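Notes to accompany the following structure.
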Amino acid sequence: MGEPFVEALRHGSMSVELYAPKDIDIQTPHDQDELYFIYSGSGELVIAGERHQFVGGMVFFVPAYVEHRFENFSSDFVAWVVFWGQKGGER
């Protein structure tokens, strides 16, 4: 459908999505904690202004409400994203 993500599973407060943006990452901060499992590709994940190089097989945690985005990613970039817990993140 042209969307950069598709939900694969939902159970309680947890959801799992496949994320594959093209050219630019337009996401905004989320209200739940999340994990990114990099499936393929390479690039940079900017979390709260700090740059992290990534390649397939890496995992990143992003707390709720924290600014983040993928930049300079390859055309084969795909990640699994897991959202869970209460709004505002776990304490």
Charge dipole of the chain about the Cα centre (unit charges at C-beta), most positive-ward option of Ser13, Pro63, Gln32: Ser13
Cβ-placed point charges (K, R +1; D, E -1), dipole of region 5-84 about Cα centre in debye, nearest 20: 140
The chain: relative contact order as a whole-number percent, Cα under 8 Å and 6+ apart: 37
Volume in Å³ per residue [convex hull over Cα atoms, computed for the chain]: 95
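Counting other C-beta atoms within 10 Å, which of Glu3, Glu44, Glu17, Glu34 has the fewest, and how do the rest follow? Walk me through the intermediate numbers first.
Working: Glu3 8, Glu44 13, Glu17 18, Glu34 21.
The fewest-first ordering by Cβ neighbours comes to Glu3, Glu44, Glu17, Glu34.
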Rough spin-label spacing in nm, given labels placed 7 Å along Cα→Cβ, for Asp23 and Ala8: 2.7
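Rule-based calculations on the coordinates, nothing more; no lab input. This one's a predicted model, so the numbers in the text were calculated from it and none came from an experiment. Methodologically, a virtual Cβ is constructed for each residue, glycine included, from the backbone with ideal geometry; neighbour enumeration extends over all protein chains shown.
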